[in-house]
Structures are given as structure tokens and as C-alpha cells.
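S.K.: Please read through the structure below; I'll follow up with questions.
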Amino acid sequence: MSKLATIAVTFFFATAALGVQPWKLRLHCPEEKIDLHLDLYEESVEVPGMEAFGPMNGYLGGNIYGIWYVVGFDIKDDQHAVVTIANDLGSEDQKLTLTQTSDSTYQLKFLGYNAVKRAQGKKLVKIPGELNMKAMPLGLSKKGGSK
């Protein structure tokens, strides 16, 4: 019986470890009205306006020009990841780092030249190079790309 108990405990901890997925999340920057939806474990995120391509690993949307979808990533650990996004035309890409600063807050920092912009009047202007993002429950869905 002790062998069965050992197997049961091992199974419990193995499945519990699989259930923790720190890089499956939705983030929102209230100041800039920008959202980041991520699942860096599987392609499960429907990208608004790009449904024909099927689920992807995530996207950046909201008060920006167009939708930027995830094209690559490198999970450093449970608190740090590097994500590469591309605009909906595929003509530009942008690397960013995500750092978890507390249980519910993350810092997003664009690396190098910041190509992500928003329409302001009749001009396209860069968004800030660093954003403080707040975690949202996974069940809530904010539509990306809305202005």
C-alpha cells in the first residue's frame, strides 16, 4: 500500500506543477489603455482580426495602431520573459521584456527602437518605452485593437 501512496503523492505534485503557468496571462496598462494577452505554453489565444490564422501565443492590442501578435519568445524563468511581436502586416517586429514585479504587476520594456505606435490626431506617435501592466483574470476578455 505504501508504494501506491507514493505514486499518488508523486502524481499529485507532478500535476500541480503542470498547473502553474506564470506565462499564461492577460495584462492591462490602465494609463495607456494597452492590453497584452499571452499563452507562452501553447497557441491558444485568438487574435482579433486574425482568426483565419488560428490561435497564436498572444498579442498586444488596445490603444495602439493595429494589432501586434507574438512571433517568438524565450522564457527565462517564472518572473522574466523576452517576447518578439510583429505588426498585423508583418512588416515590423519588436522585442520586449516582461518582468513580474509583484503577484499582479509586470513591467513591459521595449528593447531597442520602439516601433509600436498609436494614432494621435493625424500622426502616428510612439507609445512609452516602458509600461506598468496589471494582471487581469483570464476569464475577462478586452478586445484588442479598439481605440
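The values are calculated or read from the model by the stated rules, or taken from the named source; none is laboratory data. As the structure is a computational prediction, the values presented were derived from the model and not from experiment. For neighbour counting, all protein chains shown are included, and Cβ atoms are generated from backbone atoms with ideal geometry for every residue, glycine included.
S.K.: Would you mind stating whether Ser91 is closer than 15 Å to Leu25 by Cα, exposed (fewer than 15 other Cβ atoms within 10 Å of the Cβ) and free of Cβ contacts under 8 Å to residues at least 60 places away in the same chain?
M.R.: So Ser91 fails the test.
S.K.: Looking only at segment 101-117, count every residue that is in contact with an Asp or Glu (Cβ under 8 Å, 6 or more places away or on another chain) and either part of a strand (DSSP E or B) or free of Cβ contacts under 8 Å to residues at least 24 places away in the same chain (or both) and tell me the total.
M.R.: Of the residues in segment 101-117, 4 are in contact with an Asp or Glu (Cβ under 8 Å, 6 or more places away or on another chain) and either part of a strand (DSSP E or B) or free of Cβ contacts under 8 Å to residues at least 24 places away in the same chain (or both).
S.K.: While we're here: Would you confirm, using the coordinates I've provided, whether Val47 is modelled with pLDDT of 95 or more, of a type in the set (A, V, I, L, M), in a strand (DSSP E or B) and surrounded by 14 or more Cβ atoms within 10 Å (Cβ to Cβ)? I'd like the intermediate steps shown before the answer.
M.R.: Working: modelled with pLDDT of 95 or more: yes; of a type in the set (A, V, I, L, M): yes; in a strand (DSSP E or B): no; surrounded by 14 or more Cβ atoms within 10 Å (Cβ to Cβ): yes.
In short, no.
S.K.: Quick check on my filter: what residues within segment 89-102 are farther than 17 Å from Tyr69 by Cβ and out of contact with any strand residue (DSSP E or B) (no Cβ under 8 Å at 6 or more places or on another chain)?
M.R.: Ser102
S.K.: Out of all the residues in segment 54-88, which are free of Cβ contacts under 8 Å to residues at least 40 places away in the same chain, among the polar types (S, T, N, Q) and more than 14 Å from His37 (Cα to Cα)?
M.R.: Answer for segment 54-88, where residues must be free of Cβ contacts under 8 Å to residues at least 40 places away in the same chain, among the polar types (S, T, N, Q) and more than 14 Å from His37 (Cα to Cα): just Asn87.
S.K.: Considering only segment 57-100, give the strands (runs of 3 or more DSSP E) lying wholly within it that have at least 1 residues that are over 14 Å from the mean Cα position of the chain (by Cα).
M.R.: 80-87, 93-100
S.K.: If you don't mind, another one. Look at segment 108-125 and say how many of its residues are surrounded by 14 or more Cβ atoms within 10 Å (Cβ to Cβ) and closer than 17 Å to Glu31 by Cβ.
M.R.: 7
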